[in-house]
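Notes to accompany the following structure.
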Amino acid sequence: MITKWQNCRIPIKGRHFITGAVIALTLLIGHVKAGVLVAPTVVFMDEHKRTGRITVQNPSDEPKEITIRMSFGLPTSDSLGNVFVNLQDSGITDIKAATSWVKPFPRKMLLEPGATQVIRFVARPPKDLIDGEYWARVVVTSQEGITSLPNPTGEGQISTVLNMIMQTAIMLKYRQGDQIAHVKLNGVDAVHEDTLVSVIVDLSSTGNASYVGMMHCRLFNSDKQEIGYRRFDLAVYHDLKRRVTFPIASYKGGAPYSFELYITPNGRKDIAAEYLIRGNEIEYSMTLP
Amino acid sequence: MNKRGVGRKFAAVVVVAIICFSLSVTSVRAQDVATGTATATVLAALSVIAAQNLIFGNIYQGVAATVANNIDASSGIFNILGQGSAGISISIVLPQFIALANGSDRMTIGFSSTDATVDSNNTTPATVVAGDGWINTNPNNLPAGTVIGAAGQTNIYLGGRVYPSVDQTAGAYSGDIILTVAYNGT
């Protein structure tokens, strides 16, 4: 296993994304039938730039009622390595939560068909904020602006309508001072069960910022032929167990299988390079029992 | 030199000038293109769309009504659009009852542990198969390994049932279904 520390300051210059959101939105509009689109999917702010913004667009033919609220929710996992995000609106105890001091404007709006609205965020962090990264979730809720109840077609009849309310929860990161992104591999558990190899990768973030990168997983048979490959976007905030499965029923060559893991800060296409804090790399391999 | 010769020379000069001018214009345009500002950065976007409500239609007192999750015309349909193959966390908050607008009566609504389907291949409720995602899964506990399909879209299909009582007040009942989506790799 190879681990390497890399300290990086966040670049101050070149933080203006100009037309990207518009391009991304435009590319997607053609496919949207009715809904609201949010871009980007991560908001970055820091001590020098205490404001941020997202764009909300309604490409549908109906007006949409939009509400914005701040919440908290990090990617976490259960003991089986299933990753999920649980939103938490109150009782937040994580010291890295920025939920209480980042405010969105506006918080409510009616978005007409084809309209675009910029939502701005203003951070008012505590004065004694220590260096590191602080997090919140921006929850954009949208529903039909004008809900029409269906009329029963006959006297004495009953009709129903279920309003479909849509929420997108995107990450907001506020950075203070020097940033270090580092991930530690606590262990790897691999199990071979009939037609499936299941691997749980146990990780912890040991920096003062989230570790964002890619996780590459490969499975080899006894002849050293690669018989499975999985790649994941990886974000480690505190602790994270990530389950990786490889169906092996159709592969030739057998046990003992070997597993290779490569974690790298490179390869993310969804986040501009200037916002990525380059963390360490991890290489690990094992032969399954 | 006669006038014809001068005229020919003048014409030749004009032609050369036009060609030079054209080349210079082309060059200028080419330079414009070459030096034009192209600083756009495509940002990842995320969109959740309610493509179709869960439609029970008219129902009758004392007669439960069911909509399966594989009916193109009436299953609830959510579309999630974003970065292809990105891991997402999805959850649905389902109502336990729906009510008249004035709140004077309400009706029980239920969702079983097989009322949802996750389709990462962008098919339809009626045509989705097991290889497209998760068929007949629990809407209260959607699969943790869900990703946005390689083509940039994943659909959720939802069924359910309502239980009108024998003395259910006639009228239009409504309730909310809330789908929340978050990337789990950012």
The ³J(HN,Hα) series, computed from each phi in region A:233-240 with the Karplus coefficients 6.51, -1.76 and 1.60 at θ = phi - 60°, rounded to the nearest Hz and given as x for glycine or proline, is 5, 10, 9, 10, 9, 10, 10, 8
Label-point gap, in nm, between A:Asp194 and B:Ser112 - each point 7 angstrom along Cα→Cβ:
2.5
Model label zone, A:Ile92; criterion: amide N under 16 Å from point 7 Å along Cα-to-beta-carbon; scope region A:199-215
A:210
Separation of alpha-carbon centers, region A:85-110 and region B:41-75, rounded to whole Å:
29
Computed over region B:47-183, the distribution of all Cα-Cα distances in 5 Å bins, rounded to whole %, is 2, 10, 21, 22, 17, 11, 8, 5, 2, 1
For the pair A and B, the solvent-accessible area buried on both sides (1.4 Å probe; DNA, RNA and ligands excluded), in Å² to the nearest hundred, is 4700
Between region A:64-82 and region A:258-285, what's the alpha-carbon centroid distance in Å?
23
Per-residue average of Cβ from other chains inside 10 Å of A:164-176:
6
For region B:47-183, size of Cβ-based charge dipole, Lys and Arg +1, Asp and Glu -1, in debye:
80
Placed amide H near A:Ala97: partners under 5 Å, 5+ positions off or other chain
A:Trp135
Once the piece of chain linking A:Asp223 and A:Lys103 is laid out straight, how much longer is it, given 0.36 nm per residue of separation minus the C-alpha distance between them?
37.5 nm
Given pairs A:Lys108/A:Lys173; A:Lys49/A:Lys108; A:Lys103/A:Lys269; A:Lys241/A:Lys269; A:Lys103/A:Lys184; A:Lys64/A:Lys103 and cut-off 31 Å on Cα-Cα distance, the over-length ones are A:Lys103/A:Lys184
Report, in debye and to the nearest 20, how large the dipole of region A:118-237 comes out about its Cα centre when Lys and Arg carry +1 and Asp and Glu carry -1 on their Cβ.
540
B:Asp167 - accessible surface, heavy atoms, 1.4 Å probe, Å² rounded to 10:
110
Which whole number gives the average, over all residues in B:173-179, of C-beta atoms from other chains lying within 10 Å of the residue C-beta?
6
Using a 10 Å cut-off around each Cβ of peptide B:79-91, what is the average number of partner chain Cβ atoms that fall inside?
5
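The values are calculated or read from the model by the stated rules, or taken from the named source; none is laboratory data. None of these values were measured; they are calculated from a predicted model. Methodologically, a virtual Cβ is constructed for each residue, glycine included, from the backbone with ideal geometry; neighbour enumeration extends over all protein chains shown. In case anyone asks, the SASA skips ligands and DNA or RNA and just uses the protein heavy atoms, side chains included. Shrake-Rupley method; radii C 1.70, N 1.55, O 1.52, S 1.80 Å.
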